[in-house]
1. Please indicate, with yes or no, whether at least one residue in region 46-62 is more than 17 Å from the chain's Cα centre (by Cα), surrounded by fewer than 19 Cβ atoms within 10 Å (Cβ to Cβ) and closer than 22 Å to residue 355 by Cβ.
2. Name the one entry in 196, 201, 175 that is more than 17 Å from the chain's Cα centre (by Cα), under 30 Å from residue 294 (Cβ atoms) and in contact (Cβ under 8 Å) with a residue 40 or more places away in the chain.
3. Test residue 72 against the stated conditions and say whether it is farther than 19 Å from residue 130 by Cβ, free of Cβ contacts under 8 Å to residues at least 60 places away in the same chain and not in a helix (DSSP H, G or I).
4. Tally up the residues in region 332-358 that are farther than 30 Å from residue 204 by Cα, aliphatic (A, V, I, L, M) and touching a residue at least 40 places away in the same chain (Cβ under 8 Å), please.
5. Contact list please: Cβ distance under 9 Å, first residue in region 239-251 and farther than 22 Å from residue 297 by Cα, second residue of a type in the set (Lys, Arg) and part of a loop (DSSP other than H, G, I, E, B), pairs at least six apart or on different chains.
6. What are the pairs, 6+ residues apart or on separate chains, where a residue within region 257-272 that is surrounded by fewer than 18 Cβ atoms within 10 Å (Cβ to Cβ) has its Cβ under 8 Å from a residue that is part of a loop (DSSP other than H, G, I, E, B) and modelled with pLDDT of 95 or more?
7. Are there any pairs, at least 6 apart or on different chains, whose C-beta atoms fall under 7 Å, with the first in region 208-227 and farther than 20 Å from residue 309 by Cα and in contact (Cβ under 8 Å) with a residue 24 or more places away in the chain and the second open to solvent by 10 Å² or more (accessible area, probe 1.4 Å) and assigned to a strand (DSSP E or B), and if so, which?
Amino acid sequence: MPVQTTVPLVRLAAAFVIALFLGVPAAAEIRLTDAAGRDVRLAIPAQRIATNESLLLLSLALIDPDPVSRLAGWAAPQRIDRGFYQSFRARFPSIDSIPVAGGVVGSKNSPEAILAVKPDVFVVSLWDQSWTQVAATLEAAGVPVVFLDGPANDGRGPAETTISSIELLGKVIGREAQAHAFSDFVRPRYALITDRTRNLRRPSVLIDAHAGEDCCSTPGRDNRMTEYLKLAGGESIGVGVPGYDGRLSAEYVLVKDPEVYIATGGPHLAAQNGLVLGDDITADAASRSFAMLVSSDLRSSLTAVRSGRAHAVSHQLSISVLNVLAFECYARWIHPDLFTDIDPAATLAEINNRFLSVPLEGTFWLDLDVSRIAQ
């Protein structure tokens, strides 16, 4: 049975008094069912959000012209691509003043730290079961909790998961029209791919996640990246890895010799001689880092690398609300002849122009320049 969150009557009364004082009609109560299947009620649209996932900033930036002002507290801001962060800071300097409140997973959270930033609502973007007890404590203290991710998303593809998340967030902050506009934009882009790949042969793919000096970490069986890769027309050679992620042995990778190699990376990997991609990273710098990466260890022996079927994508985009860009890249790389009409660069340009309050500018994906590989 779904848990019902009741907003204290004092909050409803306060909202009504404020509305009368300002001479505007009182806002209707917001009711929604979140991704954990819970019925949640908010007296008015949230102005102060605390969250366990700093990447919620990108979701807010799609539907709110001033996303930073909404954040009363967040966890692990260092997870944000430093280029993204600097771009937001240039426009919204107050980003540096957002307090860290709690952690990414529920078991490492202090409800008291979250309550201390006085949020109107706590938003959980990364689900794990330990959040249920934290949610109960917060709600008992009068702070509603909304899960943008949860069991309701199990088995859903990237379209349904992304659309559900952004539309829930739109309801929470009173920006439903803007959330629906983004949903309407991405829905046909996902469908264009999944409609074509449904009955195709799926080439084998190695997802080399957070690609650093040593190959190969990879998404596991329960990771949505594995599922999304399949929907884009491929089959991860790491599909048998139990849980969220794990490592593949060199022997296994060489025996499988995948048809397509896809590395994920970000600016933080520069310290590990890894794949550097992201906001404010030049194409040349990204290309050089990718060539150096695949010139070493077992990667240089893979047929996909030697034949030019090696590619790279920002890990940050892959796990964010903008995963449609990674999804389009997957489809083009795995079935290049079938998806000549898909252009991720054009998709990003339209997202920047129509939706994002802070445009993303940098190198977020690329193909391997074989001429740069060390011989």
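1. Yes, the conditions are met somewhere in region 46-62.
2. 196
3. Yes.
4. Qualifying residue count, region 332-358: 3.
5. From region 239-251, the pairs are 239/221; 240/221; 242/221; 243/221; 244/221.
6. Once the first residue is surrounded by fewer than 18 Cβ atoms within 10 Å (Cβ to Cβ) and sits in region 257-272, its partners that are part of a loop (DSSP other than H, G, I, E, B) and modelled with pLDDT of 95 or more give 257/302; 270/276.
7. 220/245; 220/246
The values are calculated or read from the model by the stated rules, or taken from the named source; none is laboratory data. Everything numeric in this text was worked out from a predicted model, so none of it was measured. No Cβ is skipped: glycine too gets one built from the backbone with ideal geometry, and neighbour counts run over all protein chains shown. Accessible surface areas use protein heavy atoms only, side chains included; no ligands, DNA or RNA. Shrake-Rupley method; radii C 1.70, N 1.55, O 1.52, S 1.80 Å.
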